[in-house]
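Below is one structure, written out as structure tokens, with a few remarks after it.
Readers should treat all values here as calculations from the given coordinates under stated rules, not as data from a laboratory. Remember, it's a predicted structure, so these values are computed and weren't measured experimentally. Backbone-built Cβ (ideal geometry, glycine too); neighbour counts: all protein chains shown.
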Amino acid sequence: MASAPFELKGKSVYVAGHRGMVGAALARRLAREDVKLVTVDRREVDLCNQAAVFDWFARARPQVIFLAAAKVGGIVANNTLRAEFIYDNIAIAANVIQAAHVNRAEKLMFLGSSCIYPKLAPQPLREDTVLTGPLEPTNEPYAIAKIAGIKMAEAYRSQYGSDFISVMPTNLYGPGDNYHPELSHVVAALIRRFHEAKLAGAKNVVVWGTGTPRREFLYVDDMADACVHLMKTYSGADLINIGTGEDIAITEFARVVAGIVGYRGEISYDTSRPDGTPRKLLDIGRLEKLGWRATTSLEDGLKRAYAAYQAAASVPAQ
Ligand code: GFB
């Protein structure tokens, strides 16, 4: 992958979605850069509201943009809130990308998701398999919205020469995650469920699905570091996957989380819940060629995520 050095120093850098798990991690990582961090609360500017976004951009005129804002959630959230997921995520992408263009932002990074790849694409998932097969039904609305954002970035580069790039993160976890029992992703869901079971002295914890799907998990601070690295070094129309290159079966993953939380009871599986796509391991060849690798192991990341959960829930450490 051709690398193209881009100077962040001294620039105004807007993190769209700064209160979310990824956005907050980006704000933490950018605090180590000599930049002017720009954020705006949802209450002030709803990114689904085109006029509000255009007005704010004309005033703020950020030079660099990390588009981390999105409506996100786990497999059940995606599968039930289908209209919200497709509308909100298309609106956010369309509004921010167009406003960036109109206000001549120097560079923009669009954050996609590993769910954009076909359900049964060969693993590990290569970036050039996008749109080569049917999507996983449970998250098709979200995937379509993310693919729209990717194609917008590509089209603005083609028509206007905009330096807009797109990255595809694998499943992320860490501080600031959403712990909602039904709408969360698996990492946050299991941290909370095993923790509550431990406190309650429960004898069994139910995990969704068959446990056979495999997932790749990247700690969110590593994700933020990869995004800053790519903003500084990559310019092009090609997607760049961001992952660790390793995956784990949900059954084994549940045992790892139980061990870290200190839950010693049984684990059973509720197969009435969806498995989703059987596997989502990203090919990280392009990312490695651009000089980045994850540094946080799953064990260390989970320990940090659990500590953050306990601190956030002001739950006494056991
Ligand atoms: O994290 P998750 O909801 O999202 O589910 P996906 C991952 C796997 O964990 C699935 C299983 O096979 C679930 O069945 N799982 C087991 C659980 N127990 C639980 C639980 O208590 N909660 C949850 N949520 N899962 C998402 C997409 O797919 O991946 C999003 O829906 C996004 O759009 C995200 O792309 C990265 O990995 O299946």
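Condition check: touching a Lys or Arg at 6+ places or on another chain (Cβ under 6 Å) and outside any loop (DSSP other than H, G, I, E, B). Does residue 88 satisfy that?
So residue 88 passes the test.
I'd like the full set of residues that are surrounded by 21 or more Cβ atoms within 10 Å (Cβ to Cβ) and small (Gly, Ala, Ser), limited to the range 25-58.
The one that is surrounded by 21 or more Cβ atoms within 10 Å (Cβ to Cβ) and small (Gly, Ala, Ser): 25.
Among the residues of the range 279-308, what is the count of those that are polar (S, T, N, Q) and closer than 23 Å to residue 213 by Cα?
2
Each row is one residue, and each column tells you yes or no for (1) within 22 Å of residue 230 (Cα to Cα); (2) part of a helix (DSSP H, G or I); (3) more than 16 Å from the ligand (Cβ to nearest atom).
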{"residue": "5", "(1), (2), (3)": "yes, no, yes"}
{"residue": "18", "(1), (2), (3)": "yes, no, yes"}
{"residue": "29", "(1), (2), (3)": "yes, yes, yes"}
{"residue": "44", "(1), (2), (3)": "no, no, yes"}
{"residue": "51", "(1), (2), (3)": "no, yes, yes"}
{"residue": "57", "(1), (2), (3)": "no, yes, yes"}
{"residue": "65", "(1), (2), (3)": "yes, no, yes"}
{"residue": "78", "(1), (2), (3)": "no, yes, no"}
{"residue": "84", "(1), (2), (3)": "no, yes, no"}
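What are the residue pairs meeting all of these: first residue in the range 56-81, first residue among the basic types (Lys, Arg), second residue more than 16 Å from the ligand (Cβ to nearest atom) and outside any loop (DSSP other than H, G, I, E, B), Cβ atoms under 9 Å, and 6 or more apart or on different chains?
61/12
Is one or more of the residues making up the range 271-283 under 20 Å from residue 66 (Cβ atoms) and either more than 23 Å from the chain's Cα centre (by Cα) or within 16 Å of the ligand (Cβ to nearest atom) (or both)?
The answer is yes, given that some residue of the range 271-283 is under 20 Å from residue 66 (Cβ atoms) and either more than 23 Å from the chain's Cα centre (by Cα) or within 16 Å of the ligand (Cβ to nearest atom) (or both).
Do we have residue 89 as touching a Phe, Trp or Tyr at 6+ places or on another chain (Cβ under 7 Å), within 16 Å of the ligand (Cβ to nearest atom), over 25 Å from residue 230 (Cβ atoms) and not small (Gly, Ala, Ser) here?
Spelling it out, it is not the case that residue 89 is touching a Phe, Trp or Tyr at 6+ places or on another chain (Cβ under 7 Å), within 16 Å of the ligand (Cβ to nearest atom), over 25 Å from residue 230 (Cβ atoms) and not small (Gly, Ala, Ser).
What are the pairs, 6+ residues apart or on separate chains, where a residue within the range 13-27 that is farther than 11 Å from residue 65 by Cβ has its Cβ under 7 Å from a residue that is of a type in the set (Val, Ile, Thr) and in a helix (DSSP H, G or I)?
21/220; 22/220; 25/220
Could you please find all residues in the range 100-134 being more than 21 Å from residue 65 (Cα to Cα), more than 17 Å from the chain's Cα centre (by Cα) and in a helix (DSSP H, G or I)?
Correct list: 128, 129.
Quick one: residue 162 ticks every box in (1) under 30 Å from residue 32 (Cβ atoms); (2) within 13 Å of the ligand (Cβ to nearest atom) bar one, so which box is it?
(2)
Taking the range 135-145 as the search range and keeping residues that are in contact (Cβ under 8 Å) with a residue 60 or more places away in the chain and part of a helix (DSSP H, G or I), which one is nearest to residue 275 (Cα to Cα)?
In this case the residue turns out to be 138.
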